[in-house]
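Presented below is the structure to which this report refers.
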Amino acid sequence: MTEKILVQGNEAVGLAAVSAGCLYFFGYPITPQNEIPEWFARELPKRGGVFVQTESETGSINMLYGAASTGVRCITSTSSPGWGLMQEGISSIAGAELPCVIVLVQRGGPGGGSIRHSQMDYMAATRGGGGGGYKNIVLAPASVQEVHDLIQLAFYLADKYLNPVVMLSDGIIGQIAENLEIKTIDFGPLPEKDWAVRGVGRQKDGKRRMILHGRGVIAGPPYFTYVNFLDHLKEKYQKMADTEVRYETYQTDDAEIILVAYGYVARVAKEAVKMAREQDLKVGLLRPITLWPFPYQQIKEKAELGCKFLAAEDSMGLLVDDVRIGVEGKAEVHLLDISARHMPTDGGMILPGRVFQEIRRLL
Amino acid sequence: MNNSIVKERAWGRPELCLDLPVWGLYCPGCQHPVGARLIAEVLDELGIADRAILIIGVGCHAFSGFALNFDVVSSCHGRAPDLATAVKRIHPDTIVFSLQGDGDCIAIGAGPFIGALTRGEMITIIMLNNTNYGTTGGQLAPTTLMEQRTTTTPEGRTADREGYPAHVAELAAGFKGTAYSARGALNNLANYKRTKKYIKTAFQKQINNVGLSYVEVISACPPNWHLSPLESLEWIEEKVIPEFPLGEFKNVDRIE
Ligand code: SF4
């Protein structure tokens, strides 16, 4: 029997990162993700790693930029207001093509919003809030185990594509404690990080390395013009979109109505599907695990079969837009949003009974 | 030395300053490349060029970064001390330094700069102070002199609207984790030599793991000062140095 331990989602980030060989964390306190920097502050020095409490989230992301340029696996975490502060840095890291992992534990917005859970940063995470139209892979865990497994995947994908990878968690997934099986997941070989800075004298070829994010200002090898470089990025983003879509389906084969939900609401939606199935209602769940790239194709195929869709999300309606894009106007798309919380407060949640009620209304 | 002639190399290009067209981006009389040259000479003389990593900010100073033979990372505007912090913590055996302008360092970059000073990072920060935003066409900077005209202070800097010039070397010296802070200029041979000594001392502090070292270098920007290169040197002597005194503001061998 494999050993399991009881930990919070936020702590699972740390356990997974060190399993993936990441020993470098840079972060700033913000609720509800404080367990993440606190875990790293406790654990990294013991393991010979580096923890820096930064002067702000702009500090976090730019230290991450520096760390990534040395080729090490590195990570930061934040919550919604801090995510806003990180955008220029994320855009620059994407422009410099460096691998790193960023965890966003969503809280309520807009602005200071609330310090409790929400799913209000869907667009901010999947569309890239910084300038330039870059793309980041966005992974959305729905359990503590999945936080652990996806963090390891995130490091692999970051190294594979030389690109930031985002984990979009939320206040509930971050705070709940569940059983976790700790393991190192092997995703296969990766190319050597020959581009990293270490000092000219330590480069194998004795040549300097330049890490640039302003390719239109100074063009340099291997891209001799700005558009040359953008063509390369476009190709890379297309490859990610073609190969990295991940999702889970539950009872969708014969479904007449398909729920689409991620994160904590996906757990709730699954319970609602079970309730519906007990009453012989043909309901299923499609849970995107990658929010970018999004499983548009899978949604489109179901729409063409005549399924209706119900997006359930703890926001004013963001994920629903991606469902609409996938459906291409070929099916009804409904939304159950933050108004469906069991209490009209920052602590309210969307609960299975309320989702089930909505299913009944639609069928 | 009898009557033999002492030959001193008075011109030419240090090997670390690569022969690239980037140097041609500088305006006539700009002293940024002179600052870059001093850095190259110092790192060569200290024998640390091979393990040096340069973080550049955003501004005219950054052109030099593209033409110096170091591993280099270009940072977001003002964020070089953050990147330098991470690189140095990960590779304590490298020599990590940032090259920044005045706006980069103490306007948009004040947060990272103060953060690095507070933590006493083992890095070296070289700041080229030309009292304005050169790259963007000569706007007000925190270091702009009183009454100095810029494109955003067309009538000259006034205390009511823009406050007073920021004294960064003095500020850096006030932090406990700072090993060294100095301000030099390049407007005559004596100042040039002294500035080179400051830069050398600053890197020596990093080699000795003492603490953060900072050198500010007053740097002419003739087009945005609306002066000829020669007049710029005079203006540095008459106006800039009286506002920004030269010298060492902190020099310790141990932080205790
Ligand atoms: S604008 Fe000023 S700082 Fe920039 S290159 Fe010209 S002289 Fe130098």
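Any read-out appearing in this document is the output of simple, stated calculations on the displayed coordinates, not a laboratory observation. Computed from a predicted model, the values in this text were never measured in an experiment. When we count neighbours, we look across all protein chains shown, and the Cβ atoms used for this are built from the backbone with ideal geometry, even at glycine.
Compute the long axis of helix A:57-69 from its Cα atoms, compare it with the longest principal axis of the Cα atoms of chain A, and write down the angle in degrees, 0 to 90, nearest 10.
Its long axis makes an angle of about 60 degrees.
Got a sec? Which residues in the range A:331-347 would a label at A:Arg361 touch, if it sits 7 Å along Cα→Cβ and we count backbone N under 17 Å?
Answer for this model: A:332-344.
At what distance in angstrom do the alpha carbon centres of the range B:84-109 and the range B:213-256 lie from each other?
20 Å
By per-residue mean of other Cβ atoms within 10 Å, what is the highest-first order of B:130-136, B:169-175?
B:130-136, B:169-175
When you look at the Cβ of every residue in B:47-53, what mean number of other chain Cβ atoms sits within 10 Å? Before the final figure, lay out each step's value.
Numbers: counts 0, 2, 3, 6, 5, 4, 10.
Across B:47-53, the average partner-chain Cβ count within 10 Å equals 4.
For a Förster distance of 41 Å, can you work out the FRET efficiency between the beta-carbons of B:Thr136 and A:Thr345, rounded to the nearest 0.05?
After rounding to 0.05, the efficiency reads 0.30.
Can you give the calculated 222 nm mean residue ellipticity of chain B, where each DSSP H run of n ≥ 4 adds -39,500 (n - 2.57) and the sum is split over every residue, rounded to the nearest 500 deg cm²/dmol? If you can, show how the numbers build up before the last one.
Values: 10 runs with 88 residues, N = 256.
After summing the helix terms and dividing by residue count, I get -9500 deg cm²/dmol.
Anyone know which of A:Ser315, A:Ser60, A:Ser79 comes out most mobile in the 10 Å Cα GNM of chain A?
Of A:Ser315, A:Ser60, A:Ser79, the most mobile in the Gaussian network model is A:Ser315.
For chain A, modelled as a Gaussian network with Cα springs under 10 Å, which listed residue fluctuates most, A:Gly49, A:Gly59, A:Gly82?
Greatest mean-square fluctuation among the candidates belongs to A:Gly49.
Could you tell me the largest-minus-smallest coordinate of the C-alpha atoms of the range A:248-362 on each of the three principal axes, in descending order and whole angstroms?
37, 32, 22
Hey, quick one: spin label on B:Lys176, modelled 7 Å out along Cα-Cβ, who in the range B:201-226 has an amide N within reach, i.e. under 18 Å?
From the range B:201-226, the list is B:210-213.
Once the Cα atoms of the protein assembly as shown are picked out, what are the Rg and Dmax in Å?
Rg then Dmax for the protein assembly as shown, in Å: 27.7, 110.
Just to be sure I understand the rule: take each whole DSSP H helix in chain B, project its Cα atoms onto its long axis, keep it if the span is 30 Å or more and its mean Kyte-Doolittle hydropathy is at least 1.0. Which ones pass?
Passing helices, by number: none.
Binning every alpha carbon pair distance of the range B:1-135 at 10 Å from zero, what are the percents per bin?
Computed distribution, short to long bins: 12, 41, 31, 10, 4, 1.
Using the Kirkwood radius built from alpha carbon pairs, what does the Stokes-Einstein equation give as D for the range A:291-350 at 37 °C and 0.692 mPa s, in µm² per second?
Numbers: Rh = 12.2 Å.
After rounding, the answer is 269 µm²/s.
Cα centroids of the range A:1-70 and the range A:306-340: how far apart, whole angstrom?
34 Å
What Kirkwood Rh does the range B:27-251 have if only Cα atoms enter the pairwise 1/r average? Answer in Å. All intermediate terms of the calculation are to be shown ahead of the outcome.
Details: mean 1/r = 0.0585 Å⁻¹.
Radius from the Kirkwood sum: 17.1 Å.
So what does log10 I(q)/I(0) come out to for the range A:1-124 at q = 0.15, 0.18 Å⁻¹, using the Debye formula with one equal point on every Cα and no solvent?
Each listed q maps to, in turn, -0.67, -0.94.
Starting from the Cα-Cα distance between A:Arg47 and A:Glu328, subtract it from 0.36 nm times their residue separation and give me the gain in nm to one decimal.
Extending this stretch completely gives an extra 96.1 nm.
Direction-averaged shadow area of the convex hull around the Cα atoms of chain A, nm²?
Its Cα hull, projected and averaged over all orientations, spans 19.5 nm².
Beyond 22 Å between alpha-carbons counts as too far, so tell me which of B:Lys176/B:Lys239; A:Lys135/B:Lys88; A:Lys274/A:Lys302; A:Lys160/A:Lys193; B:Lys193/B:Lys250; A:Lys135/A:Lys302 fall in that bin.
Beyond 22 Å between Cα atoms: B:Lys176/B:Lys239; A:Lys135/B:Lys88; A:Lys135/A:Lys302.
Just how large is the dipole of the range B:27-251 about the Cα centre, in debye to the nearest 20, putting +1 at every Lys and Arg Cβ and -1 at every Asp and Glu Cβ? Present the calculation step by step, with values, prior to reporting the outcome.
Details: 19 positive and 22 negative charges, 116 e Å.
Magnitude of the dipole: close to 560 debye.
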